[in-house]
Amino acid sequence: MNRQQIRELTDAMYPEVVRIRRHFHENAEVSEHEYETCQFILDYLAERNIECRRIAGTGVVATVYGNGSNRTIGIRADIDALPVTEKTGLPFASKRPGSMHACGHDMNAATLLGAAAVLNQVRDQLNGNVKFFFQPAEETIGGAERMIQDGCLENPKVDVGLALHMDAVNPVGTVTFRYGPMYASTTDFKIHVKGKSSHGAHPEMGADAIIMAGNLVSAFQTIISRNMDPTDPLVITIGTIHGGTAENIVTGQVDMTGTLRSLNLEHRDFAKKRMVEIADSITAAYGGSCEIEFFDGFPPLVNDQNITDTMVSLAQEAFGTENVLFRDRASMGADDFAYFCQEVPATYWIVGAAVEKEEERKSLHNEYLILEEEAMRNGLYLELAGVFELLK
């Protein structure tokens, strides 16, 4: 299928994609509660005789079978909303207080559902298969890992993974890529600093957990500044600290929580080891002790060189070289499409969706966020073009 035919299919499907998006937006459901969203997707696919099933609780996997090759492309879209009360005033604003598609997942999902419908119409021209992953819980527990554990990449086995996300910064008509690491791994932690309580007038009789905790907050940053190569990004953030019950009591325990971000799992593991060593040494020096609990989350999202090359070439041809942008550095944010990237060669790109006036642009996760729907036309075209190119 040539590019003009793909463009015509995209344009014909676009009004339907807008309709679907507005339905998702108005009926936003937060992570792990995407029940109606899941059922809508299942019903839409079943009406078109597309093989589909529920997976990972509130997720959906669907398959369109082509001809010839057994090569299979998998495309993922996240479907969950955020616990935010919408204040955009849009005519299709969320009718559910405390639930809003403030990250553009409604547009991601609508675009993918449109792609499934189009590719099903032209399945006799596909030199292989396409699987569609409508993934829950990207904002919380990481629904991608659950989908993979439930077998979404098997039967037929997926050879290549694709995913897009809407961009609230760059305008419609732009597409942004990055080679290699694009997002960081996530590790949350809890720290329990234990000392000995005493009267504030007699500190010599206690072991001050607040003093210990304060030293830890500063000392952890030396892992980044003195133990790591300055060109290797690493973030250690203490997000909460709780300790003490009264102004005249030396505190016997302080609890802290935080997050560790890295683009490399070896660096993550090294930082965890150093945190324990530093915490044990400092608290022991002050007559106390420390316990750290780590909770590893998403791995780094690393884009495949060859798949990225293909998608960059398609984007440059479609939108012009000047509108294809590249991130010069990775984000220390995270996306659980990283799990797919661990399993198969894959790439993830950003589709410009920012409103025209810069002063009206809001960041993702903002209750006033408005994204331009025209971005979905561009996203749909790239998903379709990518499938035909990668199935050659």
### Task
Please find, among 232, 269, the residue that is modelled with pLDDT under 95, of a type in the set (Asp, Glu) and within 30 Å of residue 328 (Cα to Cα).
232
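Here is a yes/no grid of residues against (1) more than 28 Å from the chain's Cα centre (by Cα); (2) of a type in the set (Ser, Thr, Tyr); (3) at positive phi; (4) surrounded by fewer than 18 Cβ atoms within 10 Å (Cβ to Cβ):
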| site | (1), (2), (3), (4) |
| --- | --- |
| 151 | no, no, yes, yes |
| 158 | no, no, no, no |
| 178 | no, no, no, no |
| 202 | yes, no, no, yes |
| 244 | yes, no, yes, yes |
### Query
How many residues are surrounded by 21 or more Cβ atoms within 10 Å (Cβ to Cβ) and either of a type in the set (Gly, Ala, Ser) or closer than 23 Å to residue 100 by Cα (or both) if we restrict to segment 1-30?
7
### Message
Name the single residue that is surrounded by the most Cβ atoms within 10 Å (Cβ to Cβ) among those in segment 314-360 being in contact (Cβ under 8 Å) with a residue 60 or more places away in the chain and hydroxyl-bearing (Ser, Thr, Tyr).
### Response
347
### Message
For residue 196, only one of the following conditions fails: (1) over 26 Å from the mean Cα position of the chain (by Cα); (2) crowded, with 19+ Cβ neighbours inside 10 Å. What is its number?
### Response
(2)
### Message
Out of the strands (runs of 3 or more DSSP E) lying entirely within segment 286-326, which hold 1 or more residues that are of a type in the set (Phe, Trp, Tyr)?
### Response
289-296, 324-326
#### Entry: Selection count where residues are touching a Phe, Trp or Tyr at 6+ places or on another chain (Cβ under 8 Å) and under 24 Å from residue 228 (Cβ atoms), scope segment 273-315
11
## Note on the structure
If you go through 258, 239, the only one that is closer than 24 Å to residue 333 by Cβ and in contact with an Asp or Glu (Cβ under 8 Å, 6 or more places away or on another chain) is 258
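Look at residue 67 and say whether it is out of contact with any Lys or Arg (no Cβ under 9 Å at 6 or more places or on another chain) and either at pLDDT below 95 or in a loop (DSSP other than H, G, I, E, B) (or both). Give the steps one after another, and end with the answer.
On the way: out of contact with any Lys or Arg (no Cβ under 9 Å at 6 or more places or on another chain): no; either at pLDDT below 95 or in a loop (DSSP other than H, G, I, E, B) (or both): yes.
So residue 67 fails the test.
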### Query
Under 8 Å by Cβ, and 6 or more places apart or on different chains, what pairs join a residue from segment 372-386 that is not assigned by TED's automatic domain parsing to the domain that holds residue 160 with one that is surrounded by fewer than 22 Cβ atoms within 10 Å (Cβ to Cβ) and not in a helix (DSSP H, G or I)?
none
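The values are calculated or read from the model by the stated rules, or taken from the named source; none is laboratory data. Computed from a predicted model, the values in this text were never measured in an experiment. Methodologically, a virtual Cβ is constructed for each residue, glycine included, from the backbone with ideal geometry; neighbour enumeration extends over all protein chains shown.
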